[in-house]
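The values are calculated or read from the model by the stated rules, or taken from the named source; none is laboratory data. Since we're looking at a predicted model, the values are computed, not measured. Cβ placement follows ideal geometry from the backbone for every residue including glycine, while neighbour counts extend to all protein chains displayed.
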Amino acid sequence: MERPYAVNFFIHYGRLTWLVLLGVCTQFMGTFAYNDRNGQVSYLLQVFEDKNDEFTIDQIIAFNKEFRPSEKFPSYGLTNSAFWFKIEVINNSLDSNLLLKVENPNLHTIDLYYKRNGQINLQSFSSTSPEQDRVFNTPYPLFKLIQPPHTSSTYYMKVKSKDVVSVPVSIERQDLIISDVGFNKIYFSLYAGIVLAMSLYNFFLYLSLRDNIYLYYVVYIVAVGFTQACLKGYAAYYIWPDNELFVIRANHIVTVMSGIFSAAFTIEFLRLKSTLPKLYLFLLANVTIYVISVLVYVFGYYKLGQEVLQYNTTVAALVVLFCSFYIYHKGYKPALFFGVAWSFFLGGVILYVLKDVGVLPFNTFTNNAILIGSALEATLLSFALADKINMYKKEKEESQTQTLLALKENERLIREQNIVLEQRVAERTKALRKSNQSLQETLTHLKEAQGQLVEAEKMASLGQLTAGVAHEINNPINFVTSNVAPLRRDIGMLWEALAAIEDIAFSTELTIEEKIQKINAYKEAQDLDYLKTEIDFLLKGMHEGAHRTAEIVRSLRIFSRTDGDSLKYADINEGLESTLVILNSLIREETRVVRQYGQLPEIACYPGKLNQVFLNIITNALYAIHKKFNGKPGGVLGIKTDVDADNVYISIKDNGIGMPADIRDRIFEPFFTTKEVGEGTGLGLSIVYNTIKKHQGEIKIESEVGEGTEFMLSIPLNLQAVD
């Protein structure tokens with residue numbers, strides 16, 4: 001039976017009235033009545049915390065009494081829990097195309113459950129979903145609520161995130177939400193445009209001025225802008241939507257990079273190394289903590305990494321803010337710009353946080369407070385850097401003025417001092433001439449003294465040489481002299497024998513046989529055979545003495561060649577041998593000379609000077625051997641020569657007393673000697689060193705105390721061409 005029209009009207013009107021009253025009476029009981037007005041429902045949500053993320057939708061529906069009203073804006077910080085939100089929506093509008101928007105793109109997963117026709121429906125959102133899998137072209141989670149007008153439905157929303165769990169929920173018509181999303185893109189585009197303009201402007205300033213502070217600013221402001229792009233979800237949505245691992249970690253990493261670049265810019269802008277070194281060290285430690293937080297986060301400790309990041313950022317921001325004003329009061333004016341700019345940015349952060357905790361309402365201004373603060377900060381810092389150009393110009397003008405004044409003052413002083421200087425120059429020139437003359441005389445005296453000392457050393461060597469040569473020549477001469485008398489006697493006896501034999505031979509009274517018999521008897525009586533042998537022996541001795549004397553004279557002639565400063569070809573082995581002959585008197589019986597002469601070509605050298613070198617070194621070697629053995633046998637003097645493609649090598653080695661390193665390092669110093677007073681002048685080895693250097697050669701010494709010393713000389717074969 002069809003109801004009367006009036007009855008149907010009252011029934012329909014009654015249902016509508018009941019829905020309206022129900023919406024009004026249950027606003028604070030998890031029910032939202034939408035009627036084309038503001039659709040912000042965050043404060044009407046009922047919440048249940050699933051600490052272990054273990055319940056299903058069926059269990060959640062059964063836990064209906066476990067839901068509690070959200071007493072404030074639903075923001076739960078860093079947590080590992082999953083959160084279930086419940087809200088009953090009454091559609092009092094005439095539009096069934098409603099959207100539920102969660103304006104936080106950094107929530108990793110959201111599942112929306114609702115019943116339709118007795119079936120539980122599910123819509124899911126994931127921050128790692130690619131663009132083509134999303135219903136709407138927006139980084140925000142949007143869910144379609146196909147709910148007919150004048151009906152009510154209960155919705156369950158599960159939220160889980162490794163980031164801060166903040167759930168700003170609104171329900172609006174689809175066209176209003178799409179329009180709101182578009183406006184948010186416009187707001188962020190304006191912000192990105194400001195960041196890009198400031199970055200390009202200051203980058204060109206860097207290219208022009210080459211001041212690193214502008215480059216620090218560009219890197220810092222780009223990092224801050226990119227961080228905001230990540231926090232607003234645009235980076236994950238447009239740049240890396242398919243990289244799940246990076247989507248999860250990107251916000252943390254870019255925030256850390258922004259903090260590090262912020263610290264670097266702060267250090268450079270406020271000149272902390274000089275203005276406030278303690279803050280400089282604090283920021284270095286702050287950067288270290290940033291790096292630690294990234295490592296903790298990357299290794300899977302998301303909550304701990306986020307907590308370290310938040311605390312570190314908060315402390316650093318407040319410390320830098322207060323210190324910037326402190327530095328300004330110390331007299332560094334650019335710090336004021338920095339402090340004000342930093343205040344705007346922190347102010348935006350504070351407004352954003354107050355919105356999250358429910359102190360301020362959720363609206364376009366509070367939702368974009370960080371963008372506004374960041375844009376103001378970037379602009380003020382850019383103005384501060386631009387002001388540095390004026391500061392540079394002012395400093396340059398002041399410097400030029402001071403330079404001009406200084407130049408004028410210098411010009412005046414120069415004019416006044418010119419006369420005085422001319423007088424002083426004249427006086428000083430006169431004194432210098434006198435001093436120069438005195439120095440010239442002193443130099444002449446020094447050269448004369450040096451020449452005299454060298455000559456003294458040569459005379460000392462000559463005296464030693466003369467004594468040795470005299471001794472060497474005296475022995476063969478004495479031998480010859482001592483043989484003259486016996487030889488004269490034997491020759492006299494020989495002449496007497498010849499006369500007697502002649503008398504017998506010319507006698508007419510004797511027969512030939514008698515003559516022969518008498519001559520033989522005389523020869524036996526006078527022992528003429530022995531006389532002949534003795535004469536041969538005496539002549540041989542005199543011949544050897546004369547030969548030895550000739551050899552000594554030849555060696556002396558070789559040793560004392562007067563070649564002056566001209567190069568001559570000479571045999572090094574011959575020079576060494578002549579030196580040994582001359583020093584034969586110093587080579588005592590306890591010393592054995594070991595000669596190892598190589599096949600040497602004649603080389604261009606100064607033979608007389610080299611013989612002096614050999615004499616000085618061999619004399620010192622014989623002295624060291626005598627000091628060690630003191631007349632006892634065992635001394636060895638080794639002389640060795642060799643040649644290669646470039647050099648002649650001479651080694652003079654002894655097994656004498658040797659010398660320690662401190663003495664070895666000083667033996668070429670003039671007047672340095674370890675001999676007793678009167679035994680040496682200390683110039684011998686100095687002459688050796690200079691002579692070898694004159695030959696463009698090298699001299700090396702190896703010595704060990706108690707073991708001996710070895711002098712190793714090298715002389716180039718091609719010292720200089722000889723005409």
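Things worth noting here:
- Any hit, segment 332-354, residues being in a loop (DSSP other than H, G, I, E, B), crowded, with 18+ Cβ neighbours inside 10 Å and modelled with pLDDT of 80 or more: no
- Residue in segment 300-308 that is under 20 Å from residue 213 (Cβ atoms) and outside any loop (DSSP other than H, G, I, E, B) present: no
- Residue that is farthest from residue 66 (Cα to Cα) [pool: residues in segment 27-47 that are at pLDDT 75 or above and assigned to a loop (DSSP other than H, G, I, E, B)]: 41
- Residue match in segment 98-106 (condition: of a type in the set (Val, Ile, Thr) and surrounded by fewer than 22 Cβ atoms within 10 Å (Cβ to Cβ)): no
- Residue in segment 634-645 that is assigned to a loop (DSSP other than H, G, I, E, B), under 28 Å from residue 590 (Cα atoms), at pLDDT below 90 and assigned by TED's automatic domain parsing to the domain that holds residue 618 present: yes
- For segment 70-97, the set of residues classified as surrounded by fewer than 20 Cβ atoms within 10 Å (Cβ to Cβ), assigned to a loop (DSSP other than H, G, I, E, B) and touching a Lys or Arg at 6+ places or on another chain (Cβ under 8 Å) consists of 78, 79, 80, 81, 93, 95, listed by residue number.
- Assessment of segment 120-132 against the conditions (closer than 22 Å to residue 104 by Cβ, in contact with a Phe, Trp or Tyr (Cβ under 6 Å, 6 or more places away or on another chain) and either β-branched (Val, Ile, Thr) or at pLDDT 80 or above (or both)) yields at least one matching residue.
- Meets criteria (closer than 27 Å to residue 251 by Cβ, assigned by TED's automatic domain parsing to the domain that holds residue 34 and touching a strand residue (DSSP E or B) at 6+ places or on another chain (Cβ under 6 Å)) for residue 109: yes
- Test for residue 196: is it surrounded by fewer than 17 Cβ atoms within 10 Å (Cβ to Cβ), more than 16 Å from residue 386 (Cβ to Cβ) and at pLDDT 80 or above: yes
- Residue-level analysis places residue 263 among those that are surrounded by 20 or more Cβ atoms within 10 Å (Cβ to Cβ) and either of a type in the set (D, E, K, R) or under 19 Å from residue 342 (Cα atoms) (or both).
- Every condition in (1) outside any loop (DSSP other than H, G, I, E, B); (2) farther than 16 Å from residue 710 by Cβ; (3) out of contact with any strand residue (DSSP E or B) (no Cβ under 6 Å at 6 or more places or on another chain) holds for residue 685 except the one numbered (2).
- Against the criterion of being within 60 Å of the chain's Cα centre (by Cα), at pLDDT below 80 and of a type in the set (Ser, Thr, Tyr), residue 75 qualifies.
- Scanning segment 249-282 for residues that are over 19 Å from residue 217 (Cα atoms), charged (D, E, K, R) and within 28 Å of the chain's Cα centre (by Cα) yields a total of 1.
- Positions within segment 214-255 being of a type in the set (A, V, I, L, M, F, W, C) and modelled with pLDDT of 80 or more, in sequence order: 215, 218, 219, 221, 222, 223, 224
- Any hit, segment 550-562, residues being of a type in the set (Ser, Thr, Tyr), at pLDDT 75 or above and out of contact with any Pro (no Cβ under 7 Å at 6 or more places or on another chain): no
- Candidates are the residues of segment 185-241 that are among the β-branched types (Val, Ile, Thr) and in contact (Cβ under 8 Å) with a residue 40 or more places away in the chain; the one that is nearest to residue 348 (Cα to Cα) is 224.
- When 497, 546 are checked against the criterion of being touching a Phe, Trp or Tyr at 6+ places or on another chain (Cβ under 8 Å) and modelled with pLDDT of 65 or more, 497 stands alone in meeting it.
- Lone unmet requirement of (1) without any contact (Cβ under 8 Å) to a residue 12 or more places away in the chain; (2) in contact with a strand residue (DSSP E or B) (Cβ under 8 Å, 6 or more places away or on another chain) for residue 59: (2)
- Condition check for residue 431: small (Gly, Ala, Ser) and exposed (fewer than 12 other Cβ atoms within 10 Å of the Cβ): yes
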